[in-house]
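The values are calculated or read from the model by the stated rules, or taken from the named source; none is laboratory data. On a predicted model such as this, the values are computed, not experimentally measured, just so you know. Cβ atoms come from the backbone with ideal geometry, glycine included; neighbour counts cover every protein chain shown.
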Amino acid sequence: MNKKSFVLILIVLISTVLLISACEELVTEDSQETAVGEEPVVTEETPIEEPELVVEQPKVKVQCTNNDGCEWDEVCIDRFCGKMTDIYDTEGDCEEKCNFNEVHVTTSDGDEVILSRGQGSYTMAGAIAWKLISSADYCIKEDPTPVAIELSYKSTGVIIGKEIVILDVGEESEVISHPTIPGSDFTLTVESINEECS
């Protein structure tokens, strides 16, 4: 017998011994002691179901300059994408629902108007138009009811962008500027609203 054959037989023997001892350990661990003539008791492990952990990610506010920067079901509200239901609670469960009319608005160009929902005005020969957003009746919240005003920016009669500003009674808007016309700055102030509930 040559040296290579001897080494090969030795490796096979050692592998066989290791394999047999490993199998004996597995059989010993899994088997249970039984008395003579008794059937071995078979236990079935019940898998432990761990509850599924659901972590709700907080929604990240997306900045915008007009509605085009938002998802299809959102609008640009005070420079952040959001939904109209973020402003008015139209689906809440409350004793009475409210809405407003006769909104007294002043502008930095000297205009003073009293408008109903859906009505508006313009500045710079219509390059910037604004109107009060209509809403379904809503539940009153603890905070005063805000007024949502939609701004439309036009160039050669075509709307090039829209956004919504939210103003409380007595609040003046930030400076509103046309995106392509320099020196078009103006502001809006909601002086008062007539809120009716039923």
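Contact map, region 177-188: residues that are modelled with pLDDT under 90 paired with residues that are hydrophobic (A, V, I, L, M, F, W, C), Cβ distance under 9 Å, separation 6+ or inter-chain. Pairs shown: Ser184/Met124; Ser184/Ala127; Ser184/Ile128; Ser184/Ile176. Residues in region 60-113 that are in contact with a Cys (Cβ under 7 Å, 6 or more places away or on another chain), without any contact (Cβ under 8 Å) to a residue 60 or more places away in the chain and farther than 25 Å from Tyr153 by Cα: Asp89, Gly92, Cys94. For Trp130, the criteria (1) of a type outside the set (S, T, N, Q); (2) in contact with a helix residue (DSSP H, G or I) (Cβ under 9 Å, 6 or more places away or on another chain); (3) within 21 Å of Asp68 (Cα to Cα) hold in every case but one, which is (2). What single numbered condition from (1) of a type in the set (D, E, K, R); (2) surrounded by fewer than 17 Cβ atoms within 10 Å (Cβ to Cβ); (3) not in a loop (DSSP other than H, G, I, E, B) fails to hold for Glu150? Glu150 satisfies all of (1) of a type in the set (D, E, K, R); (2) surrounded by fewer than 17 Cβ atoms within 10 Å (Cβ to Cβ); (3) not in a loop (DSSP other than H, G, I, E, B) except (2).
When Val165 is tested against (1) loosely packed, with under 13 Cβ neighbours inside 10 Å; (2) within 29 Å of Val60 (Cβ to Cβ), just one condition goes unmet, and that condition is (1). Say we look at region 119-134 and pick out the residues that are closer than 17 Å to Ser177 by Cβ and among the hydrophobic types (A, V, I, L, M, F, W, C); which of these is farthest from the chain's Cα centre (by Cα)? Ranking the candidates gives Ala125 first.
Restricting region 37-65 to residues that are modelled with pLDDT of 80 or more and not polar (S, T, N, Q) leaves a set whose member that is surrounded by the most Cβ atoms within 10 Å (Cβ to Cβ) is Cys64. Any idea which residue in region 84-118 is farthest from the chain's Cα centre (by Cα), counting only those that are exposed (fewer than 15 other Cβ atoms within 10 Å of the Cβ), part of a loop (DSSP other than H, G, I, E, B) and not acidic (Asp, Glu)? By that ranking, first place goes to Gly110. Of the residues Asp73, Asp68, which is within 30 Å of Trp130 (Cβ to Cβ), in a helix (DSSP H, G or I), at pLDDT 80 or above and acidic (Asp, Glu)? Step by step, each of Asp73, Asp68 is checked, and only Asp68 is within 30 Å of Trp130 (Cβ to Cβ), in a helix (DSSP H, G or I), at pLDDT 80 or above and acidic (Asp, Glu).
Whether any residue in region 114-131 is closer than 30 Å to Ser155 by Cβ, touching a residue at least 40 places away in the same chain (Cβ under 8 Å) and hydroxyl-bearing (Ser, Thr, Tyr) is what I want to check. Scanning region 114-131 turns up at least one residue that is closer than 30 Å to Ser155 by Cβ, touching a residue at least 40 places away in the same chain (Cβ under 8 Å) and hydroxyl-bearing (Ser, Thr, Tyr). Can you say whether Ser134 is surrounded by fewer than 15 Cβ atoms within 10 Å (Cβ to Cβ) and among the hydroxyl-bearing types (Ser, Thr, Tyr), as far as the supplied structure shows? Yes.
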